[in-house]
C-alpha cells in the first residue's frame, strides 16, 4: 500500500447525498436487487441474472468480509457459493440488528456527517416500507438535509386544493416554502438543518428545463387543480409529471436562491438510474441554459452523470457554479468502470468541484461499500498522478481531504 493509499484510509468522510435506510424489512430485500437499479423484485429469473454482474460478485465478498474473516474453503469451492454467502450474511444481519450494523458501518467507514434526502420512498405491491427517521440516523452521526423540489411542489398542490387558493396565492406560498429554509436554515417539520435543495426532474420530464410563460403556468395549474380529488385528504399522495409546473418551480427556487447572499446549492439527478428514467433526457449538457441563467447558484450534478461523465466534467470546468459528485457510480459500477469513470472526471474537472457521496438507500451497508471503493479507486488514481509527476504527495493528500470532506463543508457552509 502506497503512502497516499494509507493516508486515504485514515481520512474522515462527509457524505453529501444519501437517503434514509429502511426499517428491519430492508434486510429481506435480495442483495441482487439492492446492488442494482432494476425493478426486479417480481422477476426471480432477472434477479438471478443480476447475480452475474461483476458488481454483485465483488460486493457479496466485500459484505462477507465486513461481517466475517476469511471465506471457508468448502464454501469457495461450492457450486452454490453465492447462495451460501448470501445466507450467511442474512443470518448475521438478523443476529446483529439494524442499530449495531449502523454503528459498525459508520465506525469502519469513518463517516462523521451525512446530508439526507428523506423523500425517497420504497413501495412494493402498493405497500410503503417504513424508513428510519432523521432523528434515528442522528444517533450515529451528525445529520443535515436537503429538500426535494418535486415533493415540495406536490405537497403544495394538495394544500392549495384544500385551501382553495388562487394561482397567485399558490405562487406566493411556494416561494415562501423555498425562502423560509434559506432564511431560517431549519426544516420546521423535524428541526433538522436544511443545507440545500434537490431535483429529480430527470425522472419526471427531463433535464432540458424551460421557462414557461406565466399564462401557460396558470392554465396548467388550473387543469391540475381540477383533476385533484381529495376523497381521503390525509392519505392523498400526488405524483406530478407536468413539465410546465416542474420547470416553473425550479425557476422559482433558483430565483429565490439567487436573491440570497448565500444561495443554497441545488443537487440534480443526472445520468443513470432506474427504469423510470429516460437516459436521453438525463444528459447534464441539457442543463446549460439553467446553469447560465443563475450563475450564483451552485448546481451539483449527482452520480458522475454516468455515462455522461465527460460532459459533467466539462461543465464543471467551464462554469463556476457547477460541481460533480461520485455517488451511485461508486459502488454500483464494476471496478474497471469506477476507475475509468473517475479518470474521466480528472481529465478536466477541478478537484475543488468533486465531492464524495454514497447515495445510500434501503440498507446501511451501502455506505460501507461506497466509502471502501471511493477511497480505493481515488487513492490509486492519485498514486498514478504522483508517479506521472502531475502532483506531489502533499497535493494528493490535499485533494483527498477536499473530495471526501472539505469541498462539502465549504459548499454547504457546514
Distance in nm between residue 136 and residue 1 label points, each 7 Å along Cα→Cβ, equals 3.3
Part-to-part distance (alpha-carbon centres) for region 367-414 and region 139-209, which is given in Å: 32
Given a 10 angstrom Cα cut-off, can you work out which residue in 114, 101, 146 is the most mobile in a GNM of the chain? 101
Expressed in whole Å with the largest first, what are the equivalent ellipsoid semi-axes of region 86-185 derived from the C-alpha gyration tensor as the square root of 5 times each eigenvalue? 37, 19, 8
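Based on DSSP, what percent of beta bridges with both residues in region 8-156 are antiparallel, to the nearest 5? Don't skip to the answer; put the middle values down first.
Working: 3 of 12 bridges.
Counting DSSP beta bridges with both partners in region 8-156, the antiparallel share is about 25 percent.
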Column: log10 I(q)/I(0), Debye, Cα scatterers of region 340-414, q = 0.20 Å⁻¹: -0.93
Who wins for biggest fluctuation among 83, 293, 141 in a Gaussian network model of the chain, springs between alpha carbons below 10 Å? 83
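Report the far tail of the P(r) of region 252-358, meaning the percent of Cα-Cα pairs longer than 24 Å.
Tail of P(r) above 24 Å: 21 percent of Cα pairs.
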Over region 27-96, what is the relative contact order in whole percent, taking alpha-carbon pairs under 8 Å and six or more residues apart? 30
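Take the alpha carbon atoms of region 122-258, find their radius of gyration, then divide it by 2.2 N^0.38 Å using N residues; give the quotient.
Normalised Cα radius of gyration, region 122-258: 1.12.
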Longest principal axis of the chain (C-alpha) makes with the long axis of helix 243-258 (C-alpha) an angle, in degrees to the nearest 10, of 80
Based on the Cβ-Cβ distance of residue 159 and residue 414, what FRET efficiency does E = 1/(1 + (r/R0)^6) give at R0 = 25 Å, to the nearest 0.05? 0.20
Can you compute log10 of I(q)/I(0) for region 283-338 with the Debye formula, treating each Cα as one identical point scatterer, at q = 0.27 Å⁻¹? -1.04
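For the chain, what does the relative contact order come out to in percent, with C-alpha contacts under 8 Å and a separation of six or more?
That works out to 22 percent.
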Give me the compactness ratio for region 27-96, meaning the Cα radius of gyration over 2.2 N^0.38 Å. 1.09
For an R0 of 30 angstrom, estimate the FRET efficiency from the Cβ-Cβ distance between residue 79 and residue 340 and round to the nearest 0.05. 0.40
If each DSSP helix of 4+ residues adds -39,500 (n - 2.57) and the sum is divided by the residues in the chain, what number results at 222 nm, nearest 500 deg cm²/dmol? -15000 deg cm²/dmol
Simple spin-label estimate for residue 37/residue 238, 7 Å along Cα→Cβ, in nm, reads 2.8
Can you tell me the 0 to 90 degree angle between the C-alpha axis of helix 54-67 and the longest principal axis of the chain, rounded to 10? 70
Do me a favour and compute the ellipsoid semi-axes for region 21-177 from its Cα gyration tensor, root of five times each eigenvalue, largest one first, whole Å. 40, 20, 12
Can you tell me how much longer the chain between residue 288 and residue 121 gets when fully stretched, taken as 0.36 nm per residue apart minus their C-alpha distance, in nm with one decimal? 57.1 nm
With the Cα gyration tensor of the chain in hand, convert its eigenvalues to equivalent ellipsoid semi-axes via √(5λ) and list them largest first in whole Å. 36, 27, 19
Run the numbers on region 228-326 and let me know its relative contact order in percent, using alpha-carbon pairs under 8 Å that are six or more apart. 25
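Assuming R0 = 25 Å, what is the FRET efficiency of residue 380 and residue 317, from their Cβ-Cβ distance, to the nearest 0.05? Before the final figure, lay out each step's value.
Details: r = 23 Å, r/R0 = 0.91.
The value I calculate is 0.65.
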GNM result for the chain, Cα springs below 10 Å: residue of 331, 284, 295 fluctuating most strongly: 295
Rounded to the nearest Å, what's the spacing between the alpha carbon centres of region 82-126 and region 1-55? Just the number, please. 9
Can you give the extra length, in nm with one decimal, that the chain gains between residue 214 and residue 387 once fully stretched, where that is 0.36 nm per residue apart less the Cα-Cα distance? 56.6 nm
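We did not get these values from a lab; they are worked out from the coordinates using the rules stated. What you are looking at is a predicted structure, and each value in this text was computed from that prediction instead of being measured. Heads up, the Cβs are rebuilt from the backbone with ideal geometry, glycines too, and the neighbour counts pull from every protein chain shown.
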